[in-house]
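Working notes, beginning with the structure itself.
The values are calculated or read from the model by the stated rules, or taken from the named source; none is laboratory data. Computed from a predicted model, the values in this text were never measured in an experiment. With ideal geometry, Cβ positions are generated from the backbone for all residues, glycine too; neighbour counts draw on all protein chains shown.
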Amino acid sequence: MTNSKTILVTGSTGQLGQSLKAIARDYPNCEVVFADRQQLDLSETHSIKDFFQQNSFDIIINCAAHTAVDKAETEVELANKINHLAVQQLANIAKQYDSKLIHISTDYVFNGKQCRPYIEADDVEPQGVYGRTKLSGEQAIQNGLKTNAIIIRTSWVYSEYGNNFVKTMLKLGKARDEINVIFDQVGTPTYAKDLAQAIMSIVQSDHFNQVSFKTDIVHFSNEGVCSWYDFSKAIFELNGIHCDVFPIETKDYPTPAKRPYYSVLNKAKIKQTYNLNIPYWKDSLRQCLIGLQDLEK
């Protein structure tokens, strides 16, 4: 990308938003504006409208979402506002102002009953409110913005920022001698920094910088496969924490929202289209743990 581009990142205080902020200085040809809920509240139609009447961007990267999977089961209206209706509004705004849109979606659009990695064209069948509202957001983009949008489905996101599985395990591992972790849900962790770098690679790519391209869906996570049990074992081993981990089944740890048993994403499409090299999940976990130690200093 030769010319400077103005980029908006919504949800700037979330894991991906903060990860994008951490690497933005590595892209001097991009003027990146980070908006949190105070500047741009995706649960309020007027907030979105007012914001874009005062600001215009070449690219919108929508990292904002209602991601509290269990809370979404009771906060149905709020989840729908943020994950669906606001996304529909962003798609309309992108079309109106001739902006390109990158939107982050989720593996929860699938039912989790498959036994091979999900490709983008596989049938969708979300099992809860979070997945249904995220799917509605995808469909709003596909229906309202036929060109110049990319939907990136991802899974099991963690980072140095906010609340996530890695930080929860580190806290529990230091406080307890033993814990129980689910072993019959299988997927792939995604280090938010790797996803952030993939997004910026897309922004810089020839494909994305065409005058027009067909709106599309791609999948991104780190490479490899593991269960939550495997993930927690790796966190402890890499961090030198001595805590016994015992595998349990999903039925032994009931939650308000159903989790997919299998949500491994096939990433061939994004790798081929944007010439990406994606790190192995355990290597990225190691980098995150180093990053967390640096933040504590």
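Criterion first (over 16 Å from the mean Cα position of the chain (by Cα) and either touching a residue at least 24 places away in the same chain (Cβ under 8 Å) or not in a strand (DSSP E or B) (or both)) does GLN96 satisfy it? Spelling it out, GLN96 is indeed over 16 Å from the mean Cα position of the chain (by Cα) and either touching a residue at least 24 places away in the same chain (Cβ under 8 Å) or not in a strand (DSSP E or B) (or both). Looking at VAL245, is it in contact with a strand residue (DSSP E or B) (Cβ under 8 Å, 6 or more places away or on another chain) and either under 28 Å from LYS5 (Cα atoms) or free of Cβ contacts under 8 Å to residues at least 60 places away in the same chain (or both)? So VAL245 fails the test. Inside region 156-178, residues that are farther than 30 Å from LYS21 by Cα and in contact with a strand residue (DSSP E or B) (Cβ under 6 Å, 6 or more places away or on another chain) make up a count of 1.
For region 28-58, what are the residues that are in contact with a helix residue (DSSP H, G or I) (Cβ under 6 Å, 6 or more places away or on another chain) and surrounded by 18 or more Cβ atoms within 10 Å (Cβ to Cβ)?
Kept after step one, since they are in contact with a helix residue (DSSP H, G or I) (Cβ under 6 Å, 6 or more places away or on another chain), are these residues of region 28-58: 32, 34, 40-43, 48, 52, 56.
VAL32, PHE34, LEU40, ASP41, LEU42, ILE48, PHE52 - these are the residues of region 28-58 that are in contact with a helix residue (DSSP H, G or I) (Cβ under 6 Å, 6 or more places away or on another chain) and surrounded by 18 or more Cβ atoms within 10 Å (Cβ to Cβ).
Scan region 207-257 for residues that are of a type in the set (D, E, K, R) and surrounded by fewer than 16 Cβ atoms within 10 Å (Cβ to Cβ) and the total you get is 6. When region 93-147 is filtered for residues that are polar (S, T, N, Q) and either modelled with pLDDT under 95 or surrounded by fewer than 21 Cβ atoms within 10 Å (Cβ to Cβ) (or both), the ones remaining, listed by number, are GLN96, ASN111, GLN114, GLN127, SER136, GLN139, GLN142, ASN143, THR147.
Any residue that is over 17 Å from ALA196 (Cα atoms), within 21 Å of the chain's Cα centre (by Cα) and among the polar types (S, T, N, Q) - is there at least one of those in region 60-76? If you could, list the steps in order and put the result at the bottom.
Of the residues in region 60-76, the ones over 17 Å from ALA196 (Cα atoms) are 66-76.
The next check asks that each one be within 21 Å of the chain's Cα centre (by Cα); those that pass are 66-73, 75-76.
Those left that are additionally among the polar types (S, T, N, Q): 67.
Within region 60-76, one or more residues are over 17 Å from ALA196 (Cα atoms), within 21 Å of the chain's Cα centre (by Cα) and among the polar types (S, T, N, Q).
Of all residues in region 208-253 being small (Gly, Ala, Ser) and within 30 Å of SER136 (Cα to Cα), which is modelled with the lowest pLDDT? Among those residues, the one meeting the criterion is SER212. With respect to LYS21, determine if the residue is of a type in the set (D, E, K, R), surrounded by fewer than 22 Cβ atoms within 10 Å (Cβ to Cβ), part of a helix (DSSP H, G or I) and under 17 Å from the mean Cα position of the chain (by Cα). Considered against the rule, which asks whether it is of a type in the set (D, E, K, R), surrounded by fewer than 22 Cβ atoms within 10 Å (Cβ to Cβ), part of a helix (DSSP H, G or I) and under 17 Å from the mean Cα position of the chain (by Cα), LYS21 comes out as yes. Residues that are under 22 Å from LYS174 (Cα atoms) and of a type in the set (Lys, Arg) number at least 2 in the following helices (runs of 4 or more DSSP H) confined to region 203-297: 281-296.
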